[in-house]
Amino acid sequence: MTISIRSVEKTFGRYPALNKVDLEIADGELLALLGPSGSGKTTLLRAIAGLEFPDAGQVLFDGVDVTFASAADRRVGFVFQQYALFKHMTVAKNIAFGLDVRKGKDKPDKAEIARRVEELLKLVELEGLGKRYPSQLSGGQRQRVALSRALAVQPSVLLLDEPFGALDATVRKSLRRELRRVHDATGVTTIFVTHDQEEALELADRVAILNNGRIEQIGTPDQVHDQPSTAFVCGFVGEANRFEGQVSNGRFSAGVLGLPATGLRDGAATAYVRPHDFALDDSGFEARVERAHVQGPLTTVNAVTPDGRRLEISASRAEAARFAGTIRIAARKAHVYAA
Amino acid sequence: MAAASHRRATDDPAWAKALVIGIVLAFLALVLVLPLAAVFVEALRKGLDAAVAAVRAPDALAAVRLTLITAAIAVPFNAAFGLCAAWAIAKHDFKGKALLITLIDLPFSVSPVVAGLIYVLIFGLQGWFGDWLVERDLKIIFALPGIVLATVFVTFPFVARELIPLMQEQGTSEEEAAVSMGAGGLYTFWRVTAPNVRWGLMYGVLLCNARAMGEFGAVSVVSGHIRGLTNTMPLHVEILYNEYDFVGAFAVAALLCLLAVVTLILKTALEVAQPHVRGRGGH
Amino acid sequence: MTTADAASGPAAPPPARRPFLRRRSAIPGFGLTMGVTLSVLSLIVLIPLAAVVLKAAHQSPAEFWAVATSRRAMAAYRLTFGAAFVAAAINSVFGVLTAWALVRYDFPGKTIVNALVDLPFALPTAVAGIALATLYAPTGWVGQFLTPLGIKAAYNPVGVTIALTFIGLPFVVRAIEPVLRDAAEDVEEAAASLGATRLDTILRIVLPALAPAWLTGFAMAFARGVGEYGSVIFIAGNMPYKSEIAPLLIIIQLEQFEYARAATIAVVMLTVSFTMLLIINAVQAWARRFD
């Protein structure tokens with residue numbers, strides 16, 4: 001199902017949570033809403049779910065206006081941040097809830113519900129745990145129950161609010177792959193909210209980056225990382241060294257650092273250089289290496305320029321030995337934005 | 001020095017502990033235990049038979065019946081109100097929420113005597129509806145409805161103030177999950193919310209009931225003290241006491257003490273079994 | 001970029017009409033439950049309370065003032081507020097000790113002591129009243145030891161204070177207890193690690209942190225004491241100008257069918273109660289500033 005967000009606005013008190021947000025989500029897409037806390041990403045997700053109602057604008061499902069439709073009428077599957085499992089119901093009862101509440105001919109018979117529950121437990125690899133209570137499960141298992149409960153109603157769209165936020169790093173990684181697998185198996189349009197850029201870049205087909213209630217950029221993981229369209233995106237997605245400086249005559253300079261800045265007006269500007277975009281270069285500027293440490297296959301080098309700017313440089317382990325004492329380096333690539 | 005150095009930084013010296021515990025136990029014994037003991041001793045001063053006879057006197061039994069009827073109306077009423085108010089306040093956002101909670105708590109800061117007075121001013125002979133009621137031969141003051149109204153007023157906040165913070169703590173995501181899967185309001189309430197708040201509800205009902213059965217000041221103003229008709233148990237205690245029938249007064253009082261003790265036992269059991277359900281400062 | 005995306009989507013249908021009553025929340029039942037809440041609250045509490053104010057307003061301001069400040073009424077306020085204040089102060093001292101013992105120490109019978117603290121909430125006030133009167137009467141269990149010392153503890157303001165101490169105890173304990181339980185012990189450990197003695201830590205770190213809860217408990221005990229009737233009248237003596245509390249004065253006016261006078265005293269008491277309520281709310285708001 002395609003989802004269109006048209007100029008959606010939402011204010012909480014005097015604080016604007018969403019500011020004229022437009023967004024198109026394609027059928028079967030896996031989209032990440034990425035942003036810092038307070039950026040409006042959860043509000044946007046809840047507006048799509050029908051758990052929050054916008055002050056202005058429209059939400060369309062397959063071209064039909066559902067802006068003020070109830071959550072139930074939208075047939076969305078929603079996975080809550082803390083899962084919101086029903087504590088007093090077994091796992092099987094939790095998953096069956098959305099089918100149990102149906103009335104009349106819509107309600108599948110008992111055997112059919114049981115079959116669906118089994119199928120879903122199998123999908124999320126929780127076979128045999130149907131009789132347990134949520135309190136008897138690990139965090140990762142609870143997350144899977146929440147996911148299968150949301151899928152039980154065969155939702156037209158699956159919405160997840162910080163689905164991995166409450167989990168530790170290893171479980172988080174395996175569940176990420178799990179979500180991708182479930183998405184690919186069911187083909188359901190999926191939107192998830194996260195503040196973790198690594199999660200968004202790894203999992204999503206496209207990433208929408210929100211800041212202060214606005215969408216800063218939307219694109220594939222490659223696009224937002226390699227071609228950030230705003231300074232905020234550049235600073236938020238991926239690591240970057242940040243330099244405050246001046247542009248004049250198409251060239252950015254901040255102390256010893258000089259970068260091409262074609263097309264930018266003269267004046268104050270900010271430049272971002274990714275750690276792996278610095279390279280040793282005899283024609284470059286001088287820096288003194290303070291510390292180098294191994295990070296997996298790479299070496300992270302902390303250096304300082306003669307005018308006191310601190311740099312973080314990322315180099316391959318093979319190259320690491322050359323980063324010692326005083327070096328000369330240059331930026332292979334940089335992103336410069338007018339302030 | 002060796003002994004002292006084993007003491008954790010947050011521990012107090014043994015002598016200080018003993019002193020504090022000693023003072024506390026002595027104070028509580030004097031203020032709380034002694035009166036409780038006095039009731040039973042005075043009730044049994046002329047033997048168990050005399051005490052039992054006093055409780056089984058027709059007027060005493062009528063008082064017990066009236067007290068039970070009053071609580072049987074007032075407590076469910078306030079429980080239903082509490083659930084309604086908690087659903088509106090804890091599960092939804094709106095302006096003026098703090099003010100509404102304060103208004104619901106208001107009866108706790110009104111003197112019981114004033115609580116009785118307000119209904120006399122409205123429904124009494126010279127009250128707003130006095131003539132209207134007389135014409136239709138209806139009686140509210142000096143009758144059961146007045147006693148129930150006064151009791152509802154003084155026990156009004158008990159259930160609501162127990163449920164509102166509990167339901168606020170539990171948040172709204174379980175209800176949102178149920179609604180997003182197609183559940184209606186009542187279904188969500190019974191299947192999702194009610195199981196989560198039943199212990200808190202019981203706690204509130206327990207305290208509400210204790211106060212409803214024991215209320216004196218407010219009921220005293222509206223009851224008219226008609227023996228065998230509009231006398232609740234606490235009022236009956238007063239009448240017997242003022243007539244110098246001390247054994248009778250303390251025998252009925254002992255019955256009320258048992259109610260208090262049972263309430264405290266159930267309350268403690270609830271707190272032990274359901275640690276997240278705590279008293280939120282009852283009255 | 002985003003505008004380009006929006007433009008490429010399907011043509012927008014006309015916007016859905018916003019429902020007449022603005023949807024506030026995804027959870028249903030707000031209108032119904034809010035309606036019931038406001039109606040019941042108005043009928044049971046707010047309108048009746050307004051009645052007493054209207055009744056008092058039937059008099060001219062001069063009449064009102066004369067009744068509200070009559071010598072007998074002033075004596076009753078003095079006794080009521082004074083005894084409530086002293087009782088709340090006594091409870092502040094013993095309440096904090098009790099809360100401290102319950103939270104920080106283990107001792108046999110702690111569960112029973114904990115349950116017992118709530119006795120004044122559970123015990124009908126009239127029962128407390130006759131029990132206290134029996135204990136503290138000159139020939140009573142406690143009274144007989146006080147009489148030789150020249151202390152009269154019943155049928156006078158001392159008796160009123162004793163009754164209000166009984167009634168108010170749980171308020172202070174239950175206000176302080178949760179704060180003390182939630183107080184992070186690491187703050188005390190930090191103080192100790194910085195060289196503070198245990199007494200320093202308690203006086204300079206622990207007790208100041210308890211101050212808002214302490215004030216709240218004091219105010220609640222005081223407010224309850226001001227309105228208290230059942231436990232007091234048996235031990236008070238009820239002598240006009242000497243040992244007559246304000247709630248009793250209301251009842252006496254009522255028995256003489258002096259409704260406006262009764263309403264006047266009630267309005268004075270309501271004003272004080274609401275002021276206390278505002279103070280409690282303000283103290284709690286002030287306490288949250290550190291959170």
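Read-outs throughout are calculated quantities, based only on the coordinates presented, and are distinct from any laboratory measurement. These figures come from a predicted structure and were not determined experimentally. Methodologically, a virtual Cβ is constructed for each residue, glycine included, from the backbone with ideal geometry; neighbour enumeration extends over all protein chains shown.
Suppose R0 equals 35 Å; then what is the FRET efficiency for B:LYS139 and B:ASP245 from their Cβ-Cβ distance, rounded to the nearest 0.05?
With R0 = 35 Å, the Cβ-Cβ based efficiency is 0.75.
Between A:ILE215 and residues 5 or more places away or on another chain, which pairs have amide H atoms under 5 Å apart, with H built 1.01 Å from N, and which residues are they?
Those qualifying (amide H under 5 Å, at least 5 residues apart or on another chain) are A:ASP22.
State which entries of A:LYS107/A:LYS173; A:LYS41/A:LYS333; A:LYS87/B:LYS91; A:LYS93/B:LYS91; A:LYS10/B:LYS95 exceed 26 angstrom in Cα-Cα distance in the structure shown.
A:LYS107/A:LYS173; A:LYS41/A:LYS333
Would you be so kind as to identify all helices of chain B, as entire DSSP H runs, whose Cα atoms reach 27 Å or more along the helix's own axis and whose mean Kyte-Doolittle hydropathy is at least -1.0?
Those that pass (Cα extent of 27 Å or more, hydropathy at least -1.0) are B:58-90, B:194-214, B:246-273.
Using the Karplus curve 6.51 cos²θ - 1.76 cosθ + 1.60 with θ = phi - 60°, work out ³J(HN,Hα) for each residue of segment A:26-37 in order, rounded to whole Hz, and write x for Gly and Pro.
The phi angles translate into 7, 4, x, 7, 10, 10, 9, 9, 10, x, x, 5 Hz.
Taking Rh as the Kirkwood radius, which is the inverse of the mean 1/r over Cα pairs, what is the Rg/Rh value for segment A:239-338? Each step should come with its number before you reach the end.
Details: Rg = 13.6 Å, Rh = 13.7 Å.
That ratio is 0.99, to two decimals.
Between 0 and 90 degrees, rounded to the nearest ten: what's the tilt of helix C:30-41 against the longest Cα principal axis of chain C?
20
Using 10 Å bins from zero, what percent of all Cα-Cα pairs in segment B:216-274 falls into each bin?
23, 39, 23, 13, 2
What is the spin-label model distance, in nm, from B:ALA194 to C:ARG204 if the labels are put 7 Å beyond Cα along the C-beta direction?
Rounded to a tenth, the inter-label distance reads 5.7 nm.
Among all the lysines, which ones have a C-alpha under 28 Å from C:LYS110's C-alpha, if same-chain residues fewer than 8 places away are not counted?
B:LYS17, B:LYS267
Mean residue ellipticity at 222 nm from the helices of chain A, using -39,500 (n - 2.57) per DSSP H segment of n ≥ 4 over the full residue count, to the nearest 500 deg cm²/dmol?
-7500 deg cm²/dmol
Kyte-Doolittle mean at least -1.0 and Cα extent at least 15 Å along the axis: which DSSP H helices of chain A qualify?
Membrane-span-like by this criterion, though nothing is claimed about a membrane: A:110-123, A:139-152.
In whole Å, largest first, what are the principal axis extents of the Cα atoms in segment B:44-273?
Result, largest extent first: 64, 48, 27 Å.
Please provide three numbers in whole Å: the alpha-carbon extents of segment C:51-288 along the principal axes, with the largest listed first.
So the three principal-axis extents are 67, 45, 29 Å.
How big is D for segment A:3-229, in µm² s⁻¹ as a whole number, if Stokes-Einstein is applied with the Kirkwood radius of its Cα pairs at 4 °C and 1.567 mPa s?
Here the translational diffusion coefficient equals 72 µm²/s.
A:LYS107 label point, 7 Å along Cα→Cβ, cut-off 11 Å on backbone N: hits in segment A:70-97?
Counting only backbone N, you get no residues.
Restrict the search to segment A:56-158; then list the GluC sites (Glu not before Pro) that DSSP places in a loop and that have at most 14 other Cβ atoms within 10 Å of their Cβ.
A:GLU125, A:GLU127
Rounded to the nearest 0.05, what FRET efficiency is calculated for A:SER135 and C:GLU185 with R0 set to 35 Å and r the Cβ-Cβ distance?
E between A:SER135 and C:GLU185, to the nearest 0.05, is 0.80.
For chain C, modelled as a Gaussian network with Cα springs under 10 Å, which listed residue fluctuates most, C:ALA26, C:ALA88, C:ALA219?
Maximum fluctuation in the GNM of chain C, among the listed residues, is at C:ALA26.
Taking Cα atoms of the protein assembly as shown, Rg/Rh with Kirkwood Rh, to two decimals?
With Rh from the inverse mean 1/r over Cα pairs, Rg/Rh is 1.08.
Toward the positive end of the charge dipole of the protein assembly as shown, about the Cα centre and with charges on Cβ (Lys, Arg +1; Asp, Glu -1), which of A:VAL301, B:LEU121, C:ALA133 goes farthest?
Of the options given, the answer is C:ALA133.
Treating only the Cβ atoms of Lys and Arg (+1) and Asp and Glu (-1) as charged, compute the dipole magnitude of the protein assembly as shown about its Cα centre; round to the nearest 20 debye.
Around 740 debye, computed over the protein assembly as shown.
I need the chymotrypsin sites (Phe, Trp or Tyr not before Pro) found in segment B:208-282, filtered to DSSP loop residues with at most 12 other beta carbons within 10 Å of theirs.
Counting only loop positions with at most 12 other Cβ atoms within 10 Å, the chymotrypsin sites (Phe, Trp or Tyr not before Pro) in segment B:208-282 are B:TYR244.
Have a look at C:GLU228, C:GLU177, C:GLU258 and tell me which one the Gaussian network model of chain C (Cα, springs below 10 Å) gives the largest fluctuation.
Result: C:GLU258 has the largest fluctuation of those listed.
Which whole-percent values make up P(r) of segment A:135-228 when all C-alpha to C-alpha distances are grouped in 10 Å steps starting at zero?
14, 47, 32, 7, 0
Build a GNM of chain A with springs between Cα atoms under 10 Å: which of A:LEU137, A:LEU85, A:LEU210 gets the top mean-square fluctuation?
It is A:LEU137.
With +1 assigned to the C-beta of every Lys and Arg and -1 to the C-beta of every Asp and Glu, and no other charges, what is the dipole magnitude of segment C:51-288 about the Cα centre in debye, to the nearest 20? Could the numbers behind the result be given before it?
Values: 15 positive and 14 negative charges, 121 e Å.
Once rounded to the nearest 20, the dipole reads 580 debye.
Tell me the volume per residue, in Å³, of the convex hull enclosing the alpha carbons of segment B:154-283.
Expressed per residue, the convex hull around the Cα atoms of segment B:154-283 is 125 Å³.
Hey, quick one: spin label on A:ARG288, modelled 7 Å out along Cα-Cβ, who in segment A:304-339 has an amide N within reach, i.e. under 18 Å?
A:304-313, A:323-329
Report the calculated FRET efficiency for B:ILE226 and B:TRP128 (r = Cβ-Cβ distance, R0 = 30 Å), to the nearest 0.05. Walk me through the intermediate numbers first.
Working: r = 23 Å, r/R0 = 0.78.
Efficiency at R0 = 30 Å is approximately 0.80.
For every helix of n ≥ 4 consecutive DSSP H residues, a contribution of -39,500 (n - 2.57) applies; sum these over chain B, divide by its total residues, and give [θ] at 222 nm rounded to the nearest 500 deg cm²/dmol.
-22500 deg cm²/dmol
If the only charges are +1 at each Lys and Arg Cβ and -1 at each Asp and Glu Cβ, what is the size of the charge dipole of chain A around the Cα centre, to the nearest 20 debye? Can you show the working numbers first?
Details: 44 positive and 42 negative charges, 197 e Å.
Magnitude of the dipole: close to 940 debye.
Between A:GLU319 and A:ASP196, what is the label-to-label distance in nm when each label sits 7 Å out along the Cα-to-Cβ direction?
2.9
Among A:VAL301, C:VAL160, which comes first, then next, by fewest other beta-carbon atoms within 10 Å? Intermediate results must be reported in sequence, preceding the final value.
Values: A:VAL301 25, C:VAL160 30.
Fewest-to-most Cβ neighbours within 10 Å comes out as A:VAL301, C:VAL160.
Report the Cα centroid-to-centroid distance between segment A:277-339 and segment A:1-70 in angstrom, as an integer.
Each part's Cα centre sits 42 Å from the other's.
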